Amino acid sequence: MVDINQIPTRRPFHRRRKTCPFSGANAPKIDYKDVRLLQRYISERGKIVPSRITAVSQKKQRELARAIKRARFLGLLPYVVK
């Protein structure tokens, strides 16, 4: 009979936390006119990618969403992609 205490257990895997791409000394500024930067944070369907995927901080995610919405309103970015 096998004793439960003798079964080797695996160490839990901890994924390294990503850092915010907009924090740091030479980080890019979020600007609604910088369409190339904003397009990296929009999905293929035109939706804003959540911060848990992009690792953007909460404050910068709000700033990013505001810039994307402003660029959409001005016609620089599409609302939806077909």
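Which condition breaks for residue 48 when tested against (1) within 16 Å of residue 68 (Cα to Cα); (2) more than 18 Å from the chain's Cα centre (by Cα)?
Going through (1) within 16 Å of residue 68 (Cα to Cα); (2) more than 18 Å from the chain's Cα centre (by Cα) one by one, residue 48 breaks only (2).
Could you check how many residues of the range 46-82 are aliphatic (A, V, I, L, M) and either under 16 Å from residue 31 (Cβ atoms) or in contact with a helix residue (DSSP H, G or I) (Cβ under 8 Å, 6 or more places away or on another chain) (or both)?
Residues in the range 46-82 being aliphatic (A, V, I, L, M) and either under 16 Å from residue 31 (Cβ atoms) or in contact with a helix residue (DSSP H, G or I) (Cβ under 8 Å, 6 or more places away or on another chain) (or both): 10 in total.
Between residues in the range 65-82 that are under 11 Å from residue 47 (Cβ atoms) and residues that are part of a helix (DSSP H, G or I), which pairs lie under 7 Å by C-beta distance while being six or more apart or on different chains?
As it stands, the answer is 68/38; 79/72, since those pairs meet every condition given.
Please go through the range 1-55 and pick out each residue that is of a type in the set (Lys, Arg), closer than 30 Å to residue 79 by Cα and assigned to a loop (DSSP other than H, G, I, E, B). Write out each step before concluding.
Looking only at the range 1-55, we keep the residues that are of a type in the set (Lys, Arg), and these are 10-11, 15-18, 29, 33, 36, 40, 45, 47, 52.
Cutting the leftovers down to closer than 30 Å to residue 79 by Cα gives us 18, 29, 33, 36, 40, 45, 47, 52.
Of everything in the range 1-55, those that are of a type in the set (Lys, Arg), closer than 30 Å to residue 79 by Cα and assigned to a loop (DSSP other than H, G, I, E, B) turn out to be 18, 29, 33, 40, 45, 47.
Which one of 58, 6 is loosely packed, with under 13 Cβ neighbours inside 10 Å, polar (S, T, N, Q) and at pLDDT 95 or above? Give the derivation first.
On the way: 6 fails: at pLDDT 95 or above.
Step by step, each of 58, 6 is checked, and only 58 is loosely packed, with under 13 Cβ neighbours inside 10 Å, polar (S, T, N, Q) and at pLDDT 95 or above.
Spot the failing condition for residue 20; the list is (1) under 16 Å from the mean Cα position of the chain (by Cα); (2) surrounded by 10 or more Cβ atoms within 10 Å (Cβ to Cβ); (3) free of Cβ contacts under 8 Å to residues at least 40 places away in the same chain, and only one is missed.
Going through the list (1) under 16 Å from the mean Cα position of the chain (by Cα); (2) surrounded by 10 or more Cβ atoms within 10 Å (Cβ to Cβ); (3) free of Cβ contacts under 8 Å to residues at least 40 places away in the same chain, residue 20 breaks only (3).
The values are calculated or read from the model by the stated rules, or taken from the named source; none is laboratory data. Because the structure is predicted, anything quoted here is derived from the model rather than measured. When we count neighbours, we look across all protein chains shown, and the Cβ atoms used for this are built from the backbone with ideal geometry, even at glycine.
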